[in-house]
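The values are calculated or read from the model by the stated rules, or taken from the named source; none is laboratory data. Being a predicted model, the structure only gives us computed values, none of them experimental. No Cβ is skipped: glycine too gets one built from the backbone with ideal geometry, and neighbour counts run over all protein chains shown.
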């Protein structure tokens, strides 16, 4: 089992150390903060998940779009990646959905993506431990997420982390000509 400490000093703020002794069915997994230098690999995993055409409202993105997103992150925002064998197998982000308002600086938004072969093995929970610790250090008090209503496994995943369902956006997304509801969830840190 791999065990080491990695420091994440994102934009010289919100220092966080991760103890990476993740023992998953998939083998040794390393989780770290990502940088714009990883834009190509990140866009590839996002596009792989988008192309599954199941439970995401995201669209295919370019390497340049992902790099621009990563470069736009403030010191209180981050994208963490999980790697196994040098391959990115999952990612989790924490960012501010309300950059235009200083009245909602206490609210962050979390998103999780995992490659199909690595789902339901505990990877999301391991990433969430690190991501939510980072969020606390960066003074977020509440984290929100949005999940398609028919994505039962992801709704269950966020509920297992302590997220509560607080509302529904009706017909929020239109996937392959069919309207889908989005479930709003939140957790207080």
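Points to keep in mind about this one:
- Applying the criterion of being in a helix (DSSP H, G or I) and in contact with a strand residue (DSSP E or B) (Cβ under 8 Å, 6 or more places away or on another chain) to the residues of the range 45-68, the residue that is modelled with the lowest pLDDT is 49.
- If you go through the range 69-80 and keep only what is farther than 16 Å from residue 38 by Cα and either surrounded by fewer than 18 Cβ atoms within 10 Å (Cβ to Cβ) or in contact with a helix residue (DSSP H, G or I) (Cβ under 6 Å, 6 or more places away or on another chain) (or both), you end up with 74, 75.
- Identity of the residue in the range 108-121, out of contact with any helix residue (DSSP H, G or I) (no Cβ under 7 Å at 6 or more places or on another chain) and closer than 15 Å to residue 73 by Cα, that ends up modelled with the highest pLDDT: 109
- Matching entry among 115, 123 (being in contact with a strand residue (DSSP E or B) (Cβ under 7 Å, 6 or more places away or on another chain) and surrounded by 21 or more Cβ atoms within 10 Å (Cβ to Cβ)): 123
- Checked against the criterion of being surrounded by fewer than 18 Cβ atoms within 10 Å (Cβ to Cβ), out of contact with any strand residue (DSSP E or B) (no Cβ under 6 Å at 6 or more places or on another chain), at pLDDT 90 or above and not in a helix (DSSP H, G or I), the candidates 150, 181 yield just one match: 150.
- Selected residue [in a loop (DSSP other than H, G, I, E, B), over 23 Å from residue 182 (Cβ atoms), in contact (Cβ under 8 Å) with a residue 40 or more places away in the chain and in contact with a strand residue (DSSP E or B) (Cβ under 8 Å, 6 or more places away or on another chain)] from 75, 83: 75
- From the options 105, 83, 66, residue that is surrounded by 14 or more Cβ atoms within 10 Å (Cβ to Cβ) and over 17 Å from the mean Cα position of the chain (by Cα): 105
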